[in-house]
Amino acid sequence: MSIKRIAFYICVWFVAFFLVACSAPAKTAAKKDTNATKSKANIPEPQVGGANEFVKKFDLNKDKRADLWKVYVKVTDKRDSTKTVLKLVRQEIDLNGDGKIDIKRFYKDGTKHREIFDLDYDGKFDLEKFYHKGHAYKHAYYLRSKTRPDVFKYFELEGKKRKKKSFLVRKERDTNLDGRIDYWEYWERGNLDRIGRDTDFDGKVDVWEKGSSN
């Protein structure tokens, strides 16, 4: 028997072995998916929409449950004042199918201007982003409190129109959760330039420190 023929039979054997070995896990995975779908079916969908709002549902992951809701309001058509049109004001997303909204996107005149995220799926929002002309210029983090943000990041665009990049320019913290900033970091193109600290919590910088770039 030639070496080529032996190699051919070895390849055939490996392919057959692979198919047999993979069939069992595939069946197990299919069962798990079916059970997961059944368990999710018992979870009520989140209540989305309010008075005078119109909601459209979408099933993005094809599990027969809505996971994206687009919320509209009726407004007068700018082209014909005798007619009304639906205007998108909000999107709500359930990422993991637990019946809780994990992302909310808010729109103004068709443009996204704010976004909030539940990063740990506990039903409370941890991150809020603010947009201007599509650019996320401010991030607010709810790290130690779920009612008020205690860390802020600010970003600016630099460069030419088509090659603009977003750079972190400032970080702020409310270290004692009194609602006032008492810690500042100033950044220059990815490098920490200086740090300001309010040691007596009166809202003013008491100590300046050089950053890692100095």
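Amide H contacts of Gly211: Arg194, Ile195, each under 5 Å away and 5 or more positions distant or on a separate chain (H built 1.01 Å from N in the peptide plane; Pro and chain starts excluded). If you plug the beta carbon distance of Lys64 and Ser166 into 1/(1 + (r/R0)^6) with R0 = 45 Å, you get a FRET efficiency near 0.75. The peptide list 86-92, 111-117, put in order of mean Cβ contacts within 10 Å with the highest first, becomes 86-92, 111-117.
Here the Kirkwood formula, the inverse mean of 1/r across different C-alpha pairs, assigns segment 54-102 a hydrodynamic radius of 12.2 Å. With 27 Å as the limit, the listed pairs Lys124/Lys210; Lys64/Lys124; Lys56/Lys161; Lys108/Lys161 have Lys124/Lys210; Lys56/Lys161 beyond it between alpha carbons.
Values in this text are rule-based calculations from the coordinates and carry no lab data. Remember, it's a predicted structure, so these values are computed and weren't measured experimentally. So basically every Cβ, Gly included, is an ideal-geometry build from the backbone, and we count neighbours across all protein chains shown.
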